[in-house]
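**Student:** Before I ask anything, let me first share the structure, which is written out below as structure tokens.
The values are calculated or read from the model by the stated rules, or taken from the named source; none is laboratory data. Here the structure is a predicted model, which means the values were calculated and not measured. As a convention, Cβ positions derive from the backbone with ideal geometry for all residues, glycine included, and neighbour counts pool all protein chains shown.
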Amino acid sequence: MHRVDRVTEQMIRSVLAYAENRLRLDPVPLDKGSRDPADLDVIMADLLGEEGHDPDQVLGVYTSTVAPAVISADSPRFLGFIPAAPTKAALLFDMLVSCASIQGISWLEAAGAIHAENKVLRLIADRAGLPASAGGSFVSGGSAANLSALAVARETAKRRPSAGQTTGRRWRALVGEDAHSSVANTLRLLEMDALVVDTPDHRLTGPAAAAAVAADGDPASIAAVVATAGTTNAGIIDDLAGLAEVADGLGAWFHVDGAYGGAGLFAPSVRDRYAGIERADSFVVDPHKWLFAPFDCAALLYREPALARSVHAQDASYLDVIHDAAGEWNPTDYAHHLTRRARGLPLWFSLSVHGVSAYSAAIEKAIALARAAAAEIASRDYLELIMEPDLSVVLFRRIGWSAADYTRWADALLDDQVAFIPPSAWEGETVARFAFLHPDTSMDLVAEILDRMA
Ligand SMILES: Cc1ncc(COP(=O)(O)O)c(C=O)c1O
């Protein structure tokens, strides 16, 4: 299995040929295939057993059955949830990283790869205005980043002088109603509670947070203030400067979840909306979303990485050697992981090849498309725009439609391979939602989707 023999040569040719064809898809089609497990199992059923199979036969099953039953998140027609749009450069380099078996735990094992990843983290930190001391690690996603960062927030709170003054409550985080679902999961896992601030217009502001703290009466138990820079459902950027102020007043950790929207730091047209992000104690942005990296890649940055190290560094005699030399950067120390893929490298390669301004231009395209789509929606009498987009998400309603109407419309669009645009909900009502991200999604496609609501 580990030698290069006739079968290996055959696999190299076949698998690379498949990968080449996938890379050359322009545009990537949506696909969806069958989702019936019985259908999927017909061809796959006997593959896993004591004896092996011809690699072309197995690849044939992948090609005919597995791949078509996946909706391609990197299609410009994928407009649901948060799409993906990895550059060809990043995809190519991801293959190289897979073949290179880079163990991204420690400087000892992978100094070159970690240095390149850290260059990218620095670039992002500079965009956010974080100090030269800032640093962190690439982790698997925004959920992992939120969990890792808020674990540091909680442990840091335990060490502050006022820690003894809490009323016996569990540690808490102040959050808005529209914080991502992974934040609620994080708090549950960390045995923390949420102080949820009412946000009638869905934007968490400093004054609203301050009022909630005053009404609540137990400021000492608040370990963290969590802001969202680009809510998932509506793309709203919270009042980061106001929330930084509240966190400061509480002596609490200020965490900014920019998993989706953090990429807007690279878009001059919206950069001013992020004022205050430079005060974050921790900040996450997912390059696998709007920085055009392949899955799975989240950048997690800390203002004071030493605090994260004190929480996440793993203590084991066989690992002592990676902590021997001062000044060496061990990505394992900044999140709840040990083994890690050097998942920042595809982004490093692509950014180096294309340059940052190509990224800015591609991000601006989605923002411009969201504005144009919003204007188009506002101009049609059977549609209603729910709000002007801050970033690249557009929420709107089809006047008179029930939830079933939205589902029928979305199903037909997918059946016809026009678009993947599942309905969302807004204040309890089923609504439609565009999530733009791919620079090749066109206004013509938007118009076609809207026409089909007439
Ligand atoms: C604001 C926000 N935070 C966190 C996440 C979770 O990120 P991931 O899916 O990479 O774990 C998302 C995902 O959409 C998000 O939009």
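**Student:** Failed condition for Ile377, given (1) assigned to a helix (DSSP H, G or I); (2) closer than 28 Å to Cys297 by Cβ; (3) in contact with a strand residue (DSSP E or B) (Cβ under 8 Å, 6 or more places away or on another chain), with all others met?
**Tutor:** (2)
**Student:** Quick check: is even one residue across the stretch 211-220 within 16 Å of the ligand (Cβ to nearest atom) and over 18 Å from Trp253 (Cα atoms)?
**Tutor:** The answer is no, given that none of the residues of the stretch 211-220 is within 16 Å of the ligand (Cβ to nearest atom) and over 18 Å from Trp253 (Cα atoms).
**Student:** Given the conditions (1) away from the ligand (no atom under 14 Å from the Cβ); (2) closer than 17 Å to Gly258 by Cα, and given that Thr232 satisfies all but one, which numbered condition is not satisfied?
**Tutor:** Thr232 satisfies all of (1) away from the ligand (no atom under 14 Å from the Cβ); (2) closer than 17 Å to Gly258 by Cα except (1).
**Student:** Got at least one residue in the stretch 418-440 being farther than 24 Å from Ile237 by Cβ and in a helix (DSSP H, G or I)?
**Tutor:** Taking every residue of the stretch 418-440 in turn, none turns out to be farther than 24 Å from Ile237 by Cβ and in a helix (DSSP H, G or I).
**Student:** OK, next. If I filter the stretch 416-454 down to residues being free of Cβ contacts under 8 Å to residues at least 24 places away in the same chain and over 23 Å from the mean Cα position of the chain (by Cα), which single residue comes out as surrounded by the fewest Cβ atoms within 10 Å (Cβ to Cβ)?
**Tutor:** Gly428
**Student:** Would you please list the contacts, defined by Cβ atoms under 6 Å and residues six or more apart or on different chains, that run from a residue in the stretch 342-368 that is without any contact (Cβ under 8 Å) to a residue 12 or more places away in the chain and over 14 Å from Phe266 (Cβ atoms) to a residue that is in a loop (DSSP other than H, G, I, E, B) and among the polar types (S, T, N, Q)?
**Tutor:** Note: no pairs meet the criteria.
**Student:** A follow-up question, please. How many residues are of a type outside the set (Val, Ile, Thr) and either at pLDDT below 95 or touching a Cys at 6+ places or on another chain (Cβ under 9 Å) (or both) if we restrict to the stretch 132-157?
**Tutor:** Adding up the residues that qualify gives 3.
**Student:** Condition (residue is in a helix (DSSP H, G or I) and touching a Pro at 6+ places or on another chain (Cβ under 9 Å)) applied to the stretch 24-36: is it met by at least one residue?
**Tutor:** So far as the stretch 24-36 goes, no, none of its residues is in a helix (DSSP H, G or I) and touching a Pro at 6+ places or on another chain (Cβ under 9 Å).
**Student:** Quick check: anything in the stretch 273-285 near the ligand (Cβ under 9 Å from one of its atoms) and within 21 Å of Ala89 (Cα to Cα)?
**Tutor:** no
**Student:** Show the residue pairs meeting these rules: Cβ distance below 6 Å; 6+ apart or different chains; first residue within the stretch 123-147 and in the same structural domain as Ala244 (by TED's automatic domain parsing) and more than 9 Å from the ligand (Cβ to nearest atom); second residue in a helix (DSSP H, G or I) and of a type in the set (S, T, N, Q).
**Tutor:** Filtered contacts from the stretch 123-147: Leu147/Thr186.
**Student:** Here is a list: Gly230, Gly217, Gly242. Which entry is in the same structural domain as Phe266 (by TED's automatic domain parsing), on the phi > 0 side of the Ramachandran plot and crowded, with 18+ Cβ neighbours inside 10 Å?
**Tutor:** Gly230
**Student:** Further, regarding this structure: Quick check: anything in the stretch 355-367 farther than 23 Å from Ala229 by Cα and more than 15 Å from the chain's Cα centre (by Cα)?
**Tutor:** yes
**Student:** Is it fair to say Ser72 is assigned to a loop (DSSP other than H, G, I, E, B), among the hydroxyl-bearing types (Ser, Thr, Tyr) and surrounded by 15 or more Cβ atoms within 10 Å (Cβ to Cβ)?
**Tutor:** So Ser72 fits the description; yes.
**Student:** When the residues of the stretch 246-268 are filtered to those that are buried (at least 19 other Cβ atoms within 10 Å of the Cβ) and out of contact with any strand residue (DSSP E or B) (no Cβ under 7 Å at 6 or more places or on another chain), which remaining residue is nearest to Trp426 (Cα to Cα)?
**Tutor:** Tyr260
**Student:** Give just the number: which of (1) under 14 Å from Gln417 (Cα atoms); (2) of a type outside the set (S, T, N, Q); (3) without any contact (Cβ under 8 Å) to a residue 60 or more places away in the chain does Val66 not satisfy?
**Tutor:** (1) is the only condition that Val66 fails.
**Student:** Residues that are among the charged types (D, E, K, R) and touching a Cys at 6+ places or on another chain (Cβ under 9 Å): does the stretch 357-365 have at least one?
**Tutor:** Among the residues of the stretch 357-365, not one is among the charged types (D, E, K, R) and touching a Cys at 6+ places or on another chain (Cβ under 9 Å), which makes the answer no.
**Student:** Out of Pro29, Pro37, which single residue is touching a residue at least 40 places away in the same chain (Cβ under 8 Å), more than 16 Å from the ligand (Cβ to nearest atom) and not acidic (Asp, Glu)?
**Tutor:** Of Pro29, Pro37, the one residue that is touching a residue at least 40 places away in the same chain (Cβ under 8 Å), more than 16 Å from the ligand (Cβ to nearest atom) and not acidic (Asp, Glu) is Pro29.
**Student:** Only one of Ala316, Ala306 is more than 16 Å from the ligand (Cβ to nearest atom), without any contact (Cβ under 8 Å) to a residue 24 or more places away in the chain and closer than 13 Å to Gly136 by Cβ. Can you tell me which?
**Tutor:** Answer to the selection: Ala306.
**Student:** Condition (residue is away from the ligand (no atom under 16 Å from the Cβ) and closer than 30 Å to Leu30 by Cβ) applied to the stretch 99-108: is it met by at least one residue?
**Tutor:** Within the stretch 99-108, one or more residues are away from the ligand (no atom under 16 Å from the Cβ) and closer than 30 Å to Leu30 by Cβ.
**Student:** Quick test of your reading of the structure: Asp41 fulfils all but one of (1) charged (D, E, K, R); (2) at pLDDT 95 or above; (3) surrounded by 11 or more Cβ atoms within 10 Å (Cβ to Cβ). Name the failing condition by number.
**Tutor:** (2)
**Student:** With within 16 Å of the ligand (Cβ to nearest atom), surrounded by 22 or more Cβ atoms within 10 Å (Cβ to Cβ) and within 24 Å of the chain's Cα centre (by Cα) as the only criterion, which of Ala194, Ala179, Ala151, Ala184 stands out?
**Tutor:** Ala179
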